[in-house]
1. Just report the Cα centroid separation between segment 83-123 and segment 128-163, whole Å.
2. Write down the Kirkwood hydrodynamic radius of segment 90-199, to one decimal in angstroms, obtained as one divided by the mean of 1/r over all alpha carbon pairs.
3. Say R0 is 45 Å: what FRET efficiency, to the nearest 0.05, do Thr188 and Arg2 get from their beta-carbon distance?
4. Between Leu181 and Thr9, what is 0.36 nm times their sequence separation minus the Cα-Cα distance? Round to one decimal in nm.
5. Three principal axis extents, largest first, for the C-alpha atoms of segment 1-65, in Å?
6. How high is the relative contact order of the chain, in percent, counting Cα pairs under 8 Å that sit 6 or more residues apart?
7. So what's segment 1-145 giving for Cα Rg divided by 2.2 N^0.38 Å, two decimals?
8. Add +1 for every Lys or Arg and -1 for every Asp or Glu among the other residues with Cβ under 15 Å from the Cβ of Arg253, and state the total.
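The values are calculated or read from the model by the stated rules, or taken from the named source; none is laboratory data. These numbers come from a predicted model, not from an experiment. Quick reminder, even Gly has a Cβ in these numbers, built from the backbone with ideal geometry, and neighbours come from all protein chains shown. The area values use the complete protein model at the heavy-atom level, side chains included, leaving out ligands, DNA and RNA. Shrake-Rupley method; radii C 1.70, N 1.55, O 1.52, S 1.80 Å.
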Amino acid sequence: MRFLAARLTGRVIRRAELRRPDLRFPFPDGLAARLTGARVLGFRRRGKYMLMRLADGASVLIHLGMSGRVLLSDTLPNAETPHEHLVIETEDGWRIGLVDPRRFGAIDLMPTAEEDRHRLLAGLGPEPLGPEFTPDALSAALKGKRTPIKAALLDQSVVAGLGNIYVCEALFRAGISPRRLAASVAGTRAGRLVPAIRATLQEAIAAGGSSLRDYVQPTGELGYFQHAWKVYGREGEACERCPGPPACRGIARLVQSGRSTFFCPRTQR
Ligand SMILES: [Zn+2]
């Protein structure tokens, strides 16, 4: 989103083209015409969604699905990019393409004043880097939850926008087992988890990546994959907190709700 914001804020869209009628659901009627000639006021992120605000009072919701990415360039491509469903060109020569091979993404249009009432946004929990995400708020959201904490943190109604990798990393930092009952994460544990989540996100953002999948290099590559994670993808490797064999066998992996969880079985309780 940082790249998009830098290239689009204050700019007028010269041309918008939709190359298919839908992604996960149909595009709003007349979207391309609505975008053409519009001035972009700015961007807002909410959970995994991007909101592009236009000067005429409308907001365009953009959700990149699992396979989605944004291509940004200042030249026209020589050939059509496969699976590029939306193309926007600014009057100052930037070209933004939305690529989503599996088409799990979404684009929608709403009045800016009604963003938070949109059906995809209305049920979202607080932003992890926002002031509302406090240990008390997290404990309250987890109260009575009989699922593992790992699954609860991926539930967007508890906290918005956390992906699988960030949840693994934050639980490691907080020293909390991914299998721990969500409802039991309160008090000092919630007090450790909130700053651990924030620190994980802030470090990744500083390193130029984000699992929110809205941050792409000008080459179209996600900075995300270049980040050195502490546990994610490191099954069997030594953990930075442990002495190594024979005292411990390193980072373990388990599958929870169909997703891989990486953790230290010795220090995460
Ligand atoms: Zn360890």
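1. 26 Å
2. One over the average 1/r among Cα pairs gives 15.7 Å for segment 90-199.
3. With R0 = 45 Å, the Cβ-Cβ based efficiency is 0.85.
4. Here the answer is 57.6 nm.
5. Sorted from largest, the Cα extents of segment 1-65 read 28, 28, 20 Å.
6. 16 percent
7. Normalised by 2.2 N^0.38 Å, the Cα Rg of segment 1-145 equals 1.13.
8. +4
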